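One structure is given here, and the rest of the page talks about it.
The values are calculated or read from the model by the stated rules, or taken from the named source; none is laboratory data. Computed from a predicted structure; not experimentally measured. When we count neighbours, we look across all protein chains shown, and the Cβ atoms used for this are built from the backbone with ideal geometry, even at glycine.
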Amino acid sequence: MAGAQTPPLPRSENRWGSSPRPKGMKTLWLVVGLLFVTACTESQTPPSQSPADRQPAPTSVLLTYERSGGFTGSTDGLTIRSDGRATISGDQFPSGRFTLSDAHLTELQRELSDLDWARAADEPPNVVCADCFVYDISSGQQRVTTTANGQSGRELGDLLALVEEIIATSDLR
């Protein structure tokens with residue numbers, strides 16, 4: 001039987017004895033497989049949090065102000081963040097937290113951008129002042145420690161007056 005061929009299998013059977021898959025079954029199994037893999041994979045997205053669980057994003061410090069000395073030798077400090085949140089503490093100031101008004105925050109930002117830090121640090125030589133305040137003021141990379149006498153006092157006058165106004169009008173007084 002040199003040229004004998006095997007007869008074709010009936011259409012309802014293949015060589016394993018089952019009926020052939022209908023067209024499109026490969027696509028269906030591929031979609032089902034992908035859905036299964038996707039459903040079984042852990043999500044890398046963190047679960048959503050309720051508003052009460054969310055922490056505010058950190059903001060940078062806009063101004064750090066410390067005043068020490070004076071007649072009573074007190075030390076008082078104020079830290080104002082770029083979003084207007086402020087923390088105050090010390091001997092002469094009430095301690096606590098408050099938020100600056102939009103007007104005060106805007107004025108403070110303007111004062112800091114206009115401040116000539118070199119002039120503000122220009123302290124007269126040999127300052128002797130028994131009851132003077134010493135101011136330590138920083139913003140960003142700039143910092144000055146001064147008694148605010150002479151040229152430094154003229155440069156810092158508006159900023160110091162604004163800080164005193166912010167403290168006086170805070171809801172802590």
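If you check Glu155 against the conditions, is it outside any loop (DSSP other than H, G, I, E, B) and under 24 Å from Thr59 (Cα atoms)?
On the way: outside any loop (DSSP other than H, G, I, E, B): yes; under 24 Å from Thr59 (Cα atoms): no.
No.
Quick check on my filter: what residues within the stretch 90-104 are surrounded by 15 or more Cβ atoms within 10 Å (Cβ to Cβ) and either farther than 17 Å from Ala161 by Cα or free of Cβ contacts under 8 Å to residues at least 24 places away in the same chain (or both)? Spell out how you get there, then give the answer.
Our first condition is that a residue be surrounded by 15 or more Cβ atoms within 10 Å (Cβ to Cβ); within the stretch 90-104, this holds for 90, 93, 98-100, 104.
Within the stretch 90-104, Gly90, Phe98, Thr99 qualify.
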Pull up the stretch 89-104, narrow it to residues that are hydroxyl-bearing (Ser, Thr, Tyr) and not in a strand (DSSP E or B), then point me to the one that is modelled with the highest pLDDT.
Ser101
Could you tell me whether any residue of the stretch 52-59 is touching a helix residue (DSSP H, G or I) at 6+ places or on another chain (Cβ under 9 Å), hydrophobic (A, V, I, L, M, F, W, C) and either part of a loop (DSSP other than H, G, I, E, B) or modelled with pLDDT of 90 or more (or both)?
no
Among the residues of the stretch 121-136, are any without any contact (Cβ under 8 Å) to a residue 60 or more places away in the chain, assigned to a strand (DSSP E or B) and within 18 Å of Asp76 (Cβ to Cβ)?
no
Can Ala86 be described as outside any loop (DSSP other than H, G, I, E, B) and closer than 16 Å to Ala168 by Cβ?
yes
Looking at (1) closer than 14 Å to Tyr65 by Cβ; (2) modelled with pLDDT of 90 or more; (3) in contact with an Asp or Glu (Cβ under 8 Å, 6 or more places away or on another chain), can you tell me which one Leu156 breaks?
(3)
Out of all the residues in the stretch 139-171, which are crowded, with 17+ Cβ neighbours inside 10 Å and small (Gly, Ala, Ser)?
Ser139, Ala148, Ser152, Gly153, Ser170
